[in-house]
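The values are calculated or read from the model by the stated rules, or taken from the named source; none is laboratory data. Keep in mind that this is a model prediction, so the values were computed, not measured. A quick note on method: Cβ atoms are made from the backbone with ideal geometry, for glycine too, and the neighbour counts reach across all protein chains shown.
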Amino acid sequence: MDKLELRCKECPRRAKAEYNDDTVRASLARLEDTIIFALFERVKFPLNPPTYDLLGDLVRETEALQFEAHRYDNPEENPFFPENLPPFSAPEYPFTEFLQGAGASININKEIWEVYFRELLPKFVKCGDDGNYAQTAFADLTLLQAISKRIHYGKFFAEVRFKEARIICEPYIRAKDKEALMKFLTTESVENTVVMRRVEKKVMVFGRELSQEHDFKGDVSILYEKWLLPLTKKVQVEYLLKRLD
Amino acid sequence: MAKAEENVYTLASVREDLIRQEDTIIYGLIERAKFPSNSHTYDEKYAQIPGFSGSLVEFVVKNTEDVQAKAGRYTNPEENPFFPENLPPTSVPSYPFSQFLHPGAASININKSVWKMYLRDLLPLLATSGDDGNYAQTAAADLSLLQAISRRIHYGKFVAEVKFRDAPQDYEPLIRAKDREGLMKLLTFASVEETVRKRVEKKATVFGQEVGLDSDNDGKGKSKFDPTVASRLYKNWVIPLTKEVQVEYLLRRVD
């Protein structure tokens, strides 16, 4: 998706990942497919309640090893249990430092976790127990990570907007005017309609080829309408409020 | 899915499961194709993780399998680890998975071959050359795809068991004679394999397309990956290796 220069480890390297309107929109569109596939994979399993006794530990352990593998060096990635991880050290790979201000480290994963288990999962998943708790947990983690990435991409979108129209939004930020910032981000409403229609279309197109019975159409765009889009917007506003800190 | 009750594997259920597994493999291909080759992921000289010698993908796969083992993944006979040596025991109450497979043959594990095939043959076809620094996510995508491919290939044990129970008289003489070629012939249905390949390619085309709101572009537009990679994967490796598992399984079936 981004232009990158390929150099060997010994040479000084610079990532040239670009974040602008087009690349951010393209990334978000690509993430829709990831989320839809992850959802299809999760609903392959019934609810499998015993999974949820294990899940917290399982996610913590997996994030710890992914941390060691440098997953969280990339500012696009946000752990669910950052308090469980060692302090972040200098990244090995020079990911583009695009985000600025105190908002760069916003992490609303605790809220996403709550919403996922309390509201989202019951909507999509059938009751039942087939014993596949580890596989279910990993299907949950994959879906959670995709949703989290989408929502936290709001930071990148907000930074693009800030750079485009700093003169307009800076006064709102200094006044800590949330409402004005929401309005400033209003072009998002048009964008959001496009997103929802596209998600519905994807689910329909992919759904025709699916080997399992599950009527998804309405449900998946609700996922976006009720949670993904509002939470992305929340991240955008919070990011901008801290942009000058 | 592994079942709790005995004898819930039938020719029909096994076929249905294999078809469902195609979707999982194709999603896995598409998600891996999101990243370029990221060769550092596979380079053991690059990883330099304290206390671990091996590449980053080995680190991620081995350690994730350990986490999954403790959560009981490998108590399901349909699942086979890539690094079975020193896998921690499960620490969750055991679930009564159906013990459908013949005990002498149930533990066949050809994942070392699957691993080699994946790195040497599949990845060069699947990933465009380049580096974006996302080695951990690349390894995670590798793990998902490897697990999906492995599960499909080792499902051959269930296919073989169903076929054997259906017509033991067809298989027993060949098994006793250790006639690998004869068994392979009995298990090969070229027209069925062609149907599978065609269906896989169609699904890969549909799931792999970039869907936009401009309906004029549907099906003619860009793709997230090359769908022929999916049918080649099946033709060159998944189908032959599944048959190899079936043959090896059957050879131990009357022990």
- [ ] Being at the interface with chain B (Cβ under 9 Å from one of its Cβ atoms) and charged (D, E, K, R) is the filter; apply it to the stretch A:26-42 and report the residue that is farthest from A:ALA137 (Cα to Cα).
- [x] A:ARG30
TODO: Quick one: count up the residues across the stretch A:180-209 that are part of a helix (DSSP H, G or I) and either of a type in the set (D, E, K, R) or on the phi > 0 side of the Ramachandran plot (or both).
DONE: 8
Open item on the list: Scan the stretch B:204-225 and tell me whether some residue there is assigned to a helix (DSSP H, G or I), within 14 Å of chain A (Cβ to nearest Cβ), acidic (Asp, Glu) and touching a Ser or Thr at 6+ places or on another chain (Cβ under 8 Å).
Closed with: no
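Here's the yes/no breakdown for (1) among the charged types (D, E, K, R); (2) at pLDDT 95 or above:
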residue	(1), (2)
A:ARG7	yes, no
A:ALA15	no, no
A:ASP22	yes, no
A:ALA38	no, yes
A:LYS44	yes, no
A:LEU58	no, yes
- [ ] Pick out the one residue from B:ARG180, B:ARG232 that is surrounded by fewer than 18 Cβ atoms within 10 Å (Cβ to Cβ), away from every other protein chain (no Cβ under 14 Å) and in contact (Cβ under 8 Å) with a residue 24 or more places away in the chain.
- [x] B:ARG180
Open item on the list: Anything in the stretch A:45-58 that is surrounded by fewer than 19 Cβ atoms within 10 Å (Cβ to Cβ) and either in a helix (DSSP H, G or I) or facing chain B (nearest Cβ under 9 Å) (or both)? List them, or say none.
Closed with: A:PRO50, A:TYR52, A:ASP53, A:GLY56, A:ASP57
- [ ] State which residue is surrounded by the most Cβ atoms within 10 Å (Cβ to Cβ) when the search covers only the stretch B:47-66 and only residues that are free of Cβ contacts under 8 Å to residues at least 12 places away in the same chain and not β-branched (Val, Ile, Thr).
- [x] B:ASN63
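Which residues, taken from the stretch B:107-139, are of a type in the set (D, E, K, R) and more than 10 Å from every other protein chain (Cβ to nearest Cβ)?
Selection gives B:LYS112, B:LYS116, B:ARG120, B:ASP121.
Residue-wise test of (1) among the aliphatic types (A, V, I, L, M); (2) more than 20 Å from A:PRO50 (Cα to Cα).
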position: B:ALA33; (1), (2): yes, yes
position: B:ALA47; (1), (2): yes, yes
position: B:GLY51; (1), (2): no, yes
position: B:VAL61; (1), (2): yes, yes
position: B:THR75; (1), (2): no, no
position: B:GLU78; (1), (2): no, no
position: B:SER107; (1), (2): no, yes
- [ ] May I ask you to list the residues in the stretch B:78-106 that are within 10 Å of chain A (Cβ to nearest Cβ) and either of a type in the set (A, V, I, L, M) or closer than 29 Å to B:THR41 by Cα (or both)?
- [x] B:GLU78, B:GLU79, B:THR90, B:VAL92
TODO: Residue by residue through the stretch B:158-174, note down the ones that are farther than 11 Å from B:THR10 by Cβ and either touching a Pro at 6+ places or on another chain (Cβ under 9 Å) or aromatic (Phe, Trp, Tyr) (or both).
DONE: B:PHE164, B:TYR171
Task: Complete set of residues in the stretch B:43-77 that are within 27 Å of B:SER107 (Cα to Cα), in a loop (DSSP other than H, G, I, E, B) and within 9 Å of chain A (Cβ to nearest Cβ) - done: B:ALA71, B:GLY72, B:ASN76
Task: Unique residue being among the small types (Gly, Ala, Ser) and part of a helix (DSSP H, G or I) when the list is B:SER91, B:SER144 - done: B:SER144
Task: Selection count, the stretch A:59-75, where residues are in a loop (DSSP other than H, G, I, E, B) and buried (at least 20 other Cβ atoms within 10 Å of the Cβ) - done: 3
Open item on the list: I'd like the full set of residues that are in contact with a helix residue (DSSP H, G or I) (Cβ under 6 Å, 6 or more places away or on another chain) and not charged (D, E, K, R), limited to the stretch B:156-173.
Closed with: B:GLY156, B:PHE158, B:VAL159, B:ALA160, B:VAL162, B:PHE164, B:TYR171
Task: Residue that is away from chain A (no Cβ under 14 Å) and part of a loop (DSSP other than H, G, I, E, B), where the choices are B:ARG165, B:ARG253 - done: B:ARG253
- [ ] Check the stretch A:129-146 and report whether any residue there is part of a loop (DSSP other than H, G, I, E, B) and more than 14 Å from every other protein chain (Cβ to nearest Cβ).
- [x] no
Open item on the list: Just checking, does the stretch A:89-103 include any residue being crowded, with 18+ Cβ neighbours inside 10 Å, in contact (Cβ under 8 Å) with a residue 40 or more places away in the chain and within 20 Å of A:THR62 (Cβ to Cβ)?
Closed with: no
